[in-house]
Amino acid sequence: MARIHLIGVCGTAMATLAALLKHRGHDVRGSDQNVYPPMSDFLQQQGIPTFQGYKPEQITADLDVVIVGNAISRGNPELEEVLDRKIRYCSLPEAVRDHFLWGARSIVIAGTHGKTTTTSLTGWVLAHGGADPSVFIGGISENFESSYRVGGGREFVIEGDEYDSAFFDKTAKFLKYLPDIAVVNNLEYDHADIYPDLASIRLAFQRFVNLVPRRGLLLLGIDSPEAAALGARAHCRVESFGLSAGADWQGHDLKVNATSTVFSVRQHGQSIGTFEVPLLGAYNVRNALAALAVGSAVGLNTDTMGDALRRFRGVRRRMELRGTANGVAVYDDFAHHPTAIGETLDGVRSAFPDRSLWAIFEPRSATSCRRVFQDDFARALAKADHVILPAVYRSTLPEDQRLSTEQLVADLRGVDARYIPRVDDIVQTVASEARPGDIVVIMSNGGFDDIHRKLIAALDAGQSR
């Protein structure tokens, strides 16, 4: 049993790793600057002591290793103590690899969009099919009611993030995950704070693909030209999935309704049946196709996988219906890249073609705060009937590099678009103008000042008047 301390433990991935290590029997604790729900509750439920704030005295002599989160930088009091005393330390992906992946069949789900949903789908398909996998997700899977699952089987399904690993290691996390089966849903420019251009992020994915062994399998999203091109770099078997003709796993004849998407599948040109997944839109069919391809590689039969897809319960904050009040449905979605926003709105539009669609988007991530995506955001948000944008969240970027939400509103010609800086004013506006039957999609990768609860309460209050 090792004594392990995690600096920055309240990030979703770090808290998940802490829980997995605890489950393995290690003595685990951690610290963070901001210890608050939901992750503080999660850690408490797991029996993991968590210190509020970073203090040198929390780095004690009995520690075997310290895991340093990628948000931690030089100057952090605990990190400085670790370095001064030469205590063994590592990054999160190194810890995952060394504790869990060397003896596993590692199934790594990568790509610019859809990683969390695809990881959840794949983990669930394998679990439902009896493979008994372990799963590590960058979000909360409703089927597992957790961000992880500990199984007794050989398979370990993990979300492969291309973000950097730690202050001392600026390479992508997924380069540590030893892929036996690798999935790349798509590839676009993202993480503008880490990667200066598309070429640099393409190189990270090329290095990832180069890690798959000869007897491994690389699954590529054929609808993404950049992802499809990675096949030329592979030294293993390559299969494709998507909606395009020629895909080895091709989805077709999609039918989207209010609660699910029905689609048919051809495997290597031969029909294998019709499937239903309780998710909306073409992009979720691509996610499901990747899960089917992995399940088939593991040895699951079609009927079992189809039953698993029907029983999938979704992922929190991925088009999660937070409530319906006064006839207005309020959804929460994690989308923050222009392509993800556009696909989310397309999915909602295909499910509810005759209903008025509101898009409320908070530019918060390092990517979405940047002016380089100005025109892409305008094209994506133009798919809604009403668009509301608050101020860019606490960005320290120079004005000439920072996204202008005011300019974005001006660029959305033909759309009812408004710049409303304060959340309370957004809530008041939507609550007074939305009509029964309207769909409101709130998109942010942060808490967005609890706007979902506030809006549902305001809509309820309006109904009672």
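Which Cα, out of A166, F208, Q374, lies furthest along the positive dipole direction of the chain (beta carbon charges, K/R +1, D/E -1)?
Of the listed residues, the answer is F208.
Quick check on the exposure proxy: order W102, W124, W249 from fewest to most C-beta atoms within 10 angstrom. Working shown, then result.
Values: W102 9, W124 25, W249 22.
Lowest to highest Cβ neighbour count: W102, W249, W124.
Once the other residues with Cβ under 10 Å from the Cβ of A384 are scored (Lys, Arg +1; Asp, Glu -1), what is the net sum? Numbers along the way, then the final one.
Details: positive: R349, K383; negative: D385, D416.
Around A384, the charge tally is 0.
Work out from phi, with θ = phi - 60° and the Karplus expression 6.51 cos²θ - 1.76 cosθ + 1.60, the ³J(HN,Hα) of each residue of the range 248-261, listed in order in whole Hz, and give x for Gly and Pro.
3J(HN,Hα) across the range 248-261, in whole Hz: 5, 10, 10, x, 8, 6, 6, 10, 9, 10, 5, 10, 7, 10.
Could I have the simple spin-label model distance between L83 and A457, label points 7 Å from Cα toward Cβ, reported in nm to one decimal?
If labels sit at L83 and A457, their model points lie 4.4 nm apart.
Quick check for me: using +1 on Lys/Arg Cβ and -1 on Asp/Glu Cβ, what's the dipole size of the chain about its Cα centre, in debye to the nearest 20?
It works out to roughly 780 debye.
Straight-line reach from K86: which lysines fall under 20 Å, measuring Cα to Cα and dropping same-chain residues less than 8 apart?
K55
Please identify every one of the GluC sites (Glu not before Pro) in the range 360-434 that sits in a loop by DSSP and has no more than 12 other beta carbons within 10 Å of its own beta carbon. Can you show the working numbers first?
Details: sites: E399, E406, E433; in loops: E399.
Within the range 360-434, the qualifying GluC sites (Glu not before Pro) (loop, at most 12 other Cβ atoms within 10 Å) are E399.
Find how much the distance from E433 to R266 grows on full extension, using 0.36 nm per residue of separation minus their present alpha carbon separation; answer in nm with one decimal.
Using 0.36 nm per residue and subtracting the Cα-Cα distance, I get 55.6 nm.
Return an integer: the convex hull volume of the alpha-carbon atoms of the chain, in Å³ per residue.
It comes to 145 Å³ per residue, whole-number rounded.
Hey, what did the range 202-267 get for relative contact order, percent, Cα under 8 Å, at least 6 apart?
It rounds to 24 percent for the range 202-267.
What does the charge dipole of the range 3-91 about its Cα centre add up to, to the nearest 20 debye, if the Cβ of each Lys and Arg holds +1 and the Cβ of each Asp and Glu holds -1?
So the magnitude is around 220 debye.
Out of residues 5 or more away from T261 or on other chains, whose amide H comes under 5 Å of its own, with H placed 1.01 Å from N in the peptide plane?
For T261, whose amide H was placed from the backbone, the distant partners under 5 Å are V277, L279.
Mind pulling the per residue volume of the convex hull built on the Cα atoms of the range 103-310? Å³ is fine. If you can, show how the numbers build up before the last one.
Numbers: hull volume 24.9 nm³, N = 208.
Output value, Cα hull per residue: 120 Å³.
Please order R318, R364, R379, R215 by the number of other Cβ within 10 Å, starting at the fewest.
Least to most surrounded, the residues fall as R215, R379, R364, R318.
I'd like the FRET efficiency for R418 and L321, computed as 1/(1 + (r/R0)^6) with the beta carbon distance as r and R0 of 22 Å, rounded to 0.05.
Computed FRET efficiency for R418 and L321 comes out at 0.35.
What trypsin sites (Lys or Arg not before Pro) does the range 134-214 have in DSSP loop regions with at most 12 other beta carbons within 10 Å? If you can, show how the numbers build up before the last one.
On the way: sites: R149, R154, K170, K173, K176, R202, R207, R214; in loops: R154, R214.
Passing sites in the range 134-214 are R214.
With contacts defined as alpha carbon pairs under 8 Å and 6 or more residues apart, what's the relative contact order of the chain in percent? All intermediate terms of the calculation are to be shown ahead of the outcome.
Working: 1023 pairs, mean separation 49.3, N = 465.
Worked out over the chain, it gives 11 percent.
Ratio of alpha-carbon Rg to the 2.2 N^0.38 Å globular estimate for the range 356-465, to two decimals, please.
1.06
Exposure proxy check: V184, V125 ranked by fewest other beta carbons within 10 Å?
In increasing order of surrounding Cβ atoms, one gets V184, V125.
Between S200 and T259, what's the calculated FRET efficiency when r is the beta-carbon distance and R0 is 45 Å? Round to 0.05.
Step by step, r from the Cβ atoms, then E = 0.65.
To one decimal place, what Kirkwood hydrodynamic radius in Å is obtained for the range 3-91 from all pairs of distinct Cα atoms?
Every distinct Cα pair counted, the radius reaches 12.7 Å.
A short reminder: the numbers here are calculations on the coordinates, not readings from a lab. Fair warning: this is a prediction, and the values are worked out from it, not measured in the lab. All Cβ positions, glycine included, derive from the backbone under ideal geometry; neighbour counts span all protein chains shown.
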